[in-house]
Amino acid sequence: MSMLTPPGMGGKYRITGDVYPRMRRPHRRRRIVLASAAAVVVLGAAGWGTLQLVDVFSGGDDTRKTTAGKQADCKPAPAPSATPAAKPPKPAQVTVNVYNATPRKGLAKATADELKKRGFAIGKIGNAPAAYDKKVTGAGLLLGAPAATKGSFAVLGTQLAGATTKVDARTTADVDLIIGTAFKALSPKATADAALVALNKPKPAPTRC
């Protein structure tokens, strides 16, 4: 082996010119790459931890705080400038004509007496006109002018569950209660009174954020 042959080469390389083989360690570059990757991971973890601490001490996500603030600021929408809906009439302001369309006798008189006790004004009492006699199959039919749909039907309807409504050509404010074959009795007074209270209770204004 020549004296110019590097130690450990075993004579594999022979120096014949002025260019010498490089004697770098083969694993040094890999170690540098691994060390750089580890440093990036450590810095990323440290940055994430810092953001978490900032979020804790700043009181949480600004988006959540903003949303919660908006919900807290929600208020009922102001009432529209248009004329508010008129309240339904009181029972004393509704004149009821009670007609019996069933074969049972005395039903119109008994029903009219009960409605009078409940505060309604009573008009005519008798048998139903031929157009409706024995032809009302439900509990009852409320018949009146188109204006009755704005209040009178609803008020009288609280006294008889299942009653249907129909308008005719009359111009007066009175309302007919035509008792049908399925009629058993007026709604219990407590139930009717609760329905009247609910009817007169104003609806809450919708919220607007």
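The values are calculated or read from the model by the stated rules, or taken from the named source; none is laboratory data. Since this is a predicted model, take the numbers as computed values, not measurements. Counting neighbours? That spans all protein chains shown, and the Cβs are built from the backbone with ideal geometry, glycine included.
Taking residue 137, is it among the hydroxyl-bearing types (Ser, Thr, Tyr) and within 34 Å of the chain's Cα centre (by Cα)? Lay out the reasoning, then the answer.
Details: among the hydroxyl-bearing types (Ser, Thr, Tyr): yes; within 34 Å of the chain's Cα centre (by Cα): no.
Criteria not met by residue 137.
In this structure, is residue 124 in contact with a strand residue (DSSP E or B) (Cβ under 6 Å, 6 or more places away or on another chain), farther than 14 Å from residue 181 by Cβ and either part of a loop (DSSP other than H, G, I, E, B) or without any contact (Cβ under 8 Å) to a residue 12 or more places away in the chain (or both)? Answer is no for this residue. Just to be sure, is residue 124 surrounded by fewer than 22 Cβ atoms within 10 Å (Cβ to Cβ), under 21 Å from residue 193 (Cβ atoms) and either aliphatic (A, V, I, L, M) or modelled with pLDDT of 95 or more (or both)? Against the criterion (surrounded by fewer than 22 Cβ atoms within 10 Å (Cβ to Cβ), under 21 Å from residue 193 (Cβ atoms) and either aliphatic (A, V, I, L, M) or modelled with pLDDT of 95 or more (or both)), residue 124 does not qualify.
Residues that are assigned to a loop (DSSP other than H, G, I, E, B) and surrounded by fewer than 18 Cβ atoms within 10 Å (Cβ to Cβ) within the range 133-150 comprise 133, 134, 135, 137, 138, 145, listed in sequence order. Looking only at the range 165-175, decide whether some residue is under 23 Å from residue 87 (Cβ atoms), among the hydrophobic types (A, V, I, L, M, F, W, C) and surrounded by fewer than 16 Cβ atoms within 10 Å (Cβ to Cβ). The answer is yes, given that some residue of the range 165-175 is under 23 Å from residue 87 (Cβ atoms), among the hydrophobic types (A, V, I, L, M, F, W, C) and surrounded by fewer than 16 Cβ atoms within 10 Å (Cβ to Cβ). For the range 152-175, taking the residues that are charged (D, E, K, R), free of Cβ contacts under 8 Å to residues at least 40 places away in the same chain and assigned to a loop (DSSP other than H, G, I, E, B), the one that is farthest from residue 121 (Cα to Cα) is identified as 168. Search the range 176-191 for residues being surrounded by 12 or more Cβ atoms within 10 Å (Cβ to Cβ) and either among the hydrophobic types (A, V, I, L, M, F, W, C) or free of Cβ contacts under 8 Å to residues at least 40 places away in the same chain (or both), and hand back the single one that is farthest from residue 108 (Cα to Cα). Here the answer is 191.
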